[in-house]
Amino acid sequence: MSRKILIAGNWKMNKTATEAVELAKPIIEAIGNQNDIDVLMCPPFTSISAVSELIGNSTVRVGAQNMSDKASGAYTGEISAAMLRDLQVSYVILGHSERRSYYGETDAFINRKVLACLENNLKPVLCVGETLEEREGDKTEAVLEKQIKGAFAGISADDFKKIVIAYEPVWAIGTGRTATPDMAEATHAFIRKVLAGLYGALAEETVIQYGGSMKPENSRELVAQPDIDGGLIGGAALKADSFHDLVKNAIG
Ligand code: PGA
């Protein structure tokens, strides 16, 4: 088993291009030379170019927060995989709960985006997670299984190896309420079991990130769990100090 920790900042709809440079610069200076873990920054589309230009030879990677399922054409307002690749993007967050709930993204739609992402040699960061109501109704496992099976329809074993999963309990996102390490670990182990049912031993290689109020104070404890392979960070990724401390603590 050789899973490398991946810590990713999901900046959501924050930071102008100018502000993005101010945030990215100190992060790259502080942790852009280490190779113990993979570090990814996902700015809004409008800042990707500016952040990519700063990366240089550093080990930090740039990702996007979404993309179109279509290759090109008359789709006003959309951004294609090829457009992202041209800006040195290597990962794309897909199926984030905010996209599922505010923009009506379904498992079938997310599946088409995953396929388009892979066709263009981009690595999907597929987000899955249950709402509070679903957890309290004992539906967490059924919800996750449905989201995973839906997103992975038609994905070959070779492509499966390029996919990262982010488990983000919706009730923990932006709420300050983190899943306990034990609770998160149990859910991650379940996700890996579902993946093993689909892809066998390859599931041992899948990076499964935790997301939902991860911060410098809890990153070490979460990442120390056997099935938690990193984090997808919202709020704590918006300040260079907190993101940098979170990464340093996760490395241990
Ligand atoms: P949060 O967001 O760290 O602010 O909870 C995580 C995410 O939505 O990716």
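The values are calculated or read from the model by the stated rules, or taken from the named source; none is laboratory data. Predicted model only: the values in this text are computed from it and were never measured. All Cβ positions, even for glycine, are placed from backbone atoms using ideal geometry, and neighbour counts span all protein chains on display. Keep in mind that these areas ignore ligands, DNA and RNA; they rest on the heavy atoms of the full protein, side chains included. Shrake-Rupley method; radii C 1.70, N 1.55, O 1.52, S 1.80 Å.
For this structure, a couple of remarks:
- A single entry from Val207, Val143, Val170, Val194 fulfils the requirement of being within 11 Å of the ligand (Cβ to nearest atom) and open to solvent by 10 Å² or more (accessible area, probe 1.4 Å): Val170.
Yes/no matrix, rows are residues, columns are (1) touching a helix residue (DSSP H, G or I) at 6+ places or on another chain (Cβ under 6 Å); (2) modelled with pLDDT of 95 or more:
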{"residue": "Pro169", "(1), (2)": "no, yes"}
{"residue": "Leu195", "(1), (2)": "yes, yes"}
{"residue": "Ala224", "(1), (2)": "no, yes"}
{"residue": "Ala250", "(1), (2)": "yes, no"}
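- Some residue of the stretch 35-53 being in contact (Cβ under 8 Å) with a residue 60 or more places away in the chain and farther than 21 Å from Lys123 by Cα: no
- Residues of the stretch 24-70 classified as open to solvent by 10 Å² or more (accessible area, probe 1.4 Å), in a helix (DSSP H, G or I) and touching a Leu at 6+ places or on another chain (Cβ under 8 Å), total: 4
- Test: Tyr199 is aromatic (Phe, Trp, Tyr), at pLDDT 95 or above and open to solvent by less than 20 Å² (accessible area, probe 1.4 Å): no
- Assessment of the stretch 150-166 against the conditions (surrounded by 14 or more Cβ atoms within 10 Å (Cβ to Cβ) and touching a Cys at 6+ places or on another chain (Cβ under 6 Å)) yields at least one matching residue.
- Residues that are away from the ligand (no atom under 14 Å from the Cβ) and open to solvent by 50 Å² or more (accessible area, probe 1.4 Å), drawn from the stretch 83-99: Met83, Arg85, Asp86, Leu87, Gln88
- Sole exception among (1) farther than 18 Å from Asp69 by Cβ; (2) surrounded by fewer than 17 Cβ atoms within 10 Å (Cβ to Cβ); (3) within 15 Å of the ligand (Cβ to nearest atom) for Thr178, by number: (2)
- So Glu19, is it away from the ligand (no atom under 15 Å from the Cβ), part of a helix (DSSP H, G or I), touching a Ser or Thr at 6+ places or on another chain (Cβ under 9 Å) and open to solvent by 10 Å² or more (accessible area, probe 1.4 Å): yes
- Wholly within the stretch 113-223, strands (runs of 3 or more DSSP E) carrying at least 1 residues that are of a type in the set (Lys, Arg) and in contact (Cβ under 8 Å) with a residue 12 or more places away in the chain: 123-128
- Selection within the stretch 100-121 - under 21 Å from Met13 (Cβ atoms) and open to solvent by less than 70 Å² (accessible area, probe 1.4 Å): Arg100, Gly104, Glu105, Phe109, Ile110, Lys113, Cys117
- With respect to the conditions (1) more than 19 Å from Ile28 (Cβ to Cβ); (2) outside any helix (DSSP H, G or I); (3) within 16 Å of the ligand (Cβ to nearest atom), Gly231 falls short on a single one, namely (1).
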